[in-house]
Structure formats: C-alpha cells, structure tokens
Amino acid sequence: MTSSLRLAQVAAGAMDDRKAEDVLVLDISKHTLVADYFVIGSAETNVQIKAITEGVEEAVEEAGGRLLAREGHERARWVLLDFGSVVVHVFGPEARNLYRLERLWADAPIVAR
C-alpha cells in the first residue's frame, strides 16, 4: 500500500512535470478528517489545467492511488481530484487568488518535497 505522503509527492511531481505554477503540499491531517494532504497548484490556461489534471490522475493511479471523484474538469477554472487521503487542487490564476486555500489552511504545515 502506498502512503498518503508518497501519493501527495507523486501528485506534486506530476504537476511540476506539466509546468504547474506555485505547487505546494499541505499536511492537513491534524486539522481535518477530510484528507491528509492537499496538493495545490495553478496554471494560466484551461488547456494547461486539463493537461495537469490528466497527468496527475495518471501518475497517482500508476503509484497505486485511486481517483474517487473529479470536480470542475469541464470548465477547468478549478479542478479538484479526490484520491481519498490526498486531494489535488489545480486552479486558474483568478480562482487561486479568490479562494486562497493556502491562507485558509495557514495552520497546516507545508511539506518539503
């Protein structure tokens, strides 16, 4: 079984590979039961957002993760990929600035990758 941290790192690496911007991993395990990690990144265009999410899905599934839900893929302004213990958020620049998950979860430590 693959650890949640390893899946989060794989997701972040896949985001980096697809040229996502400002990628970070937050350890939210002590703050919520929703997940152990949030992986957050952004991209300038809808095409790039879709490419990033497809790359993350492929990489995490190859690493042993299973996609439970995908939200927002059609409009690609904010795509959420739920792998259970790891939730991936890929934002367009306006949505990332609007929702500011990093500030909302400011008490959660950023994981070194």
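The values are calculated or read from the model by the stated rules, or taken from the named source; none is laboratory data. In this text the structure is predicted, and so the values were computed from the model without any measurement. Every residue, glycine as well, gets a Cβ built from its backbone with ideal geometry; the counts of neighbours run over all protein chains shown.
Number of residues in region 64-78 that are modelled with pLDDT under 95 and surrounded by 17 or more Cβ atoms within 10 Å (Cβ to Cβ): the value is 3.
L5 meets the conditions (1) within 15 Å of L81 (Cα to Cα); (2) assigned to a helix (DSSP H, G or I) in every case but one. The failed one is (1). For region 54-73, the candidate set comprises residues that are among the charged types (D, E, K, R) and part of a helix (DSSP H, G or I); within that set, the residue that is farthest from the chain's Cα centre (by Cα) is E62.
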